[in-house]
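Here the structure comes first, spelled out in structure tokens, and everything after it is commentary.
The values are calculated or read from the model by the stated rules, or taken from the named source; none is laboratory data. Just so it is clear, the model here is predicted, and its values are computed rather than measured. Don't worry about glycine lacking a Cβ; one is built from the backbone with ideal geometry, like all the others, and counts go over all protein chains shown. Heavy atoms of the whole protein, side chains included, go into the accessibility calculation; ligands, DNA and RNA do not. Shrake-Rupley method; radii C 1.70, N 1.55, O 1.52, S 1.80 Å.
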Amino acid sequence: MTAIPQPAATAGNMDWFVHDRFGMFIHWGLYAAAARHEWIKHIEEIPDDIYDKYFQHFDPDLFAPEEWARMAREAGMKYLVITSKHHEGFCLWDSAHTEYKATNTPCGKDLLKPVVEAFRAEGLRVGFYYSLIDWHHPEFTIDPMHSMRNHPDAKKWNETRDMAKYREYMREQVRELLTQFGDIDIIWFDFSYPNAELNGLKGKGHEDWGSEELLQLVRELRPGIIVDNRLDLPPEKADIHTPEQFQPHAWVTVNGKPVHWETCQTFSGSWGYHRDEATWKSPEQLIRMLVNTVSCGGNLLMNVGPTARGLFDDRATAAIKVYADWMALHSRAIYGCTQSEFTPPPDCRYTQNGDRLYLHIFAWPFKHLHLPGLAGKVAYAQLLNDASEVRIFDDAANKQEWMHPDALTLELPVQQPNCVVPVVELFLK
Ligand code: GLC
């Protein structure tokens, strides 16, 4: 048996977060029209006047945030984090501090407020992703991430740019986001690159962002809000740590200490809508990502990139349905659960919530599973999908040849239940 890690307390209200486990990330902006990755302005080094075509044609006429929210709730997602502004600098809300916003496109309206209202109406909490990076703002200095990083005049342009003005712009926008949309539960800043360097152009870190001042403002405006770890501040200043695009296989630690963590992942290979990107994950991968994450004490923030018509496309809708079908029968093996003190058998994971232990079976065995360290500890077992009893063989005095001496043996049906990942619910004594 292994002790369950206990992260140190931080400023944010973590109780709901640790219980809810599963959220929806939404990446939506002008890049949805380009439809080939949210970093397209950087990748193709597109100048503002060319990129402006997406601004001129952004008109998500089929935008129906209540549909998005319904699908998120049905998928078992308990909170939303949406890109209020991504690296391109375009703002989804009617910010008083820029003209580069949804209200000035053919769309002609604030897109953030309807999303917040729709998701709250479905009972989800709401968080904002806010990009520290801004490839459109005139005072943001050209740096190794900037779309104009290779332009011959980059350094000359920087001579007349003033990051102090950009820091003020960010503070005022964060103030808008944390005062005009009700009680926001998460602010998700992205991201710092203090050690980057390209042709004499330097990266950006906490001094460039004014991170201390920005965090102080956030904590003043929303004391219990959860803040991520991408401001380039000491790790203890963050409430959550945010590995992405890989699967942690143990509780995430920073400087050897366990932390609250949330892994963010994509259905395919892009955060923003990408028409031609085909690496969409299988149903098994999608469910196993959620189970693997919670079995190590983390949260999963699963991303959707809506189209420039304002829809989740059929691939995203199908992926969300995979979660909806599985969570409809298995959500209590996720909500309120965390890493178990017990070690699971091969090809299985445990999640645990007090005296309920959930055995997630990734490879269906022939008839028996042997659970080490659980001899004498389990009162009853059932398949979670239909609450059908799973017979336990646990009598030390009557071990059969197919039983293990120090393990409890489960007898399973030969055929796998019709679930992407079947779960046995164990009632501990
Ligand atoms: C990375 C990507 C960025 C995305 C973020 C989500 O920083 O570059 O586009 O928004 O991950 O975690």
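One table, with the values for the structure above:
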| read-out | value |
| --- | --- |
| Environment charge at residue 207 (Cβ cut-off 12 Å; Lys +1, Arg +1, Asp -1, Glu -1) | -1 |
| Using θ = phi - 60° and Karplus 6.51 cos²θ - 1.76 cosθ + 1.60, couplings along region 177-185 (whole Hz; Gly, Pro as x) | 5, 9, 10, 9, 10, x, 7, 7, 8 |
| Under-5 Å amide H pairs with residue 272, H placed in peptide plane, nonlocal only | 38 |
| Translational D in µm²/s for region 261-352 (Stokes-Einstein at 4 °C, 1.567 mPa s, Kirkwood Rh from C-alpha pairs) | 91 |
| Overall form of region 348-428 per C-alpha gyration tensor (a/c, 1.5; a/b vs b/c) | oblate |
| Acute angle (nearest 10 degrees) that the helix 112-121 long axis makes with the longest principal axis of the chain, alpha-carbon atoms | 20 |
| Region 315-368 - percent of accessible surface contributed by carbon and sulfur, probe 1.4 Å | 54 |
| Estimated dipole of region 15-333 in Debye, rounded to 20 [Cβ of Lys and Arg +1, of Asp and Glu -1, Cα centre] | 680 |
| Sorted largest first, extent of region 172-320 alpha carbons per principal axis (Å) | 43, 42, 40 |
| Spin-label zone in region 70-96 - amide nitrogen under 15 Å from a point set 7 Å from the Cα of residue 19 along the C-beta vector | 78-79 |
| Magnitude of the charge dipole, region 273-356, Cβ model with Lys/Arg +1 and Asp/Glu -1, debye to 20 | 140 |
| Proximal charge balance of residue 144 [Cβ under 12 Å; K/R count +1, D/E count -1] | +1 |
| Separation of alpha-carbon centers, region 228-255 and region 1-61, rounded to whole Å | 16 |
| Residue-normalised accessible area of the chain, given per residue in Å² at a 1.4 Å probe | 41 |
| Nearest 10 degrees, 0 to 90: helix 314-330 Cα axis against the chain principal axis | 40 |
| Per-peptide average of other Cβ atoms within 10 Å, ordering 362-368, 28-34, 417-423, 257-263 highest first | 28-34, 257-263, 417-423, 362-368 |
| ³J(HN,Hα), Karplus 6.51/-1.76/1.60, whole Hz, each residue of region 233-244, x for Gly, Pro | 10, x, x, 5, 6, 8, 8, 10, 10, 10, x, 9 |
| Acute angle (nearest 10 degrees) that the helix 48-57 long axis makes with the longest principal axis of the chain, alpha-carbon atoms | 70 |
| Range of Cα positions in region 1-134 per principal axis (Å), largest first | 59, 31, 29 |
| Environment charge of residue 71, counting only residues whose C-beta is closer than 15 Å and scoring Lys/Arg +1, Asp/Glu -1 | -2 |
| 222 nm mean residue ellipticity, helices alone, for the chain (DSSP H n ≥ 4; -39,500 (n - 2.57); rounded to 500) | -7500 deg cm²/dmol |
| Residue-by-residue Karplus 3J(HN,Hα) for region 85-98, coefficients 6.51, -1.76, 1.60, Hz, glycine and proline x | 8, 9, 4, 5, x, 6, 9, 6, 10, 7, 5, 7, 10, 7 |
| Heavy atoms of residue 388 accessible to a 1.4 Å probe, total area in Å² rounded to 10 | 40 |
| Residues with amide H under 5 Å from that of residue 348, placed H, sequence gap 5 or more | 362 |
| Proximal lysines relative to residue 257, as straight alpha-carbon distance under 30 Å, when same-chain residues fewer than 8 apart are discounted | 78, 204, 237 |
| Equivalent ellipsoid semi-axes - Cα gyration tensor, the chain, angstrom | 44, 23, 19 |
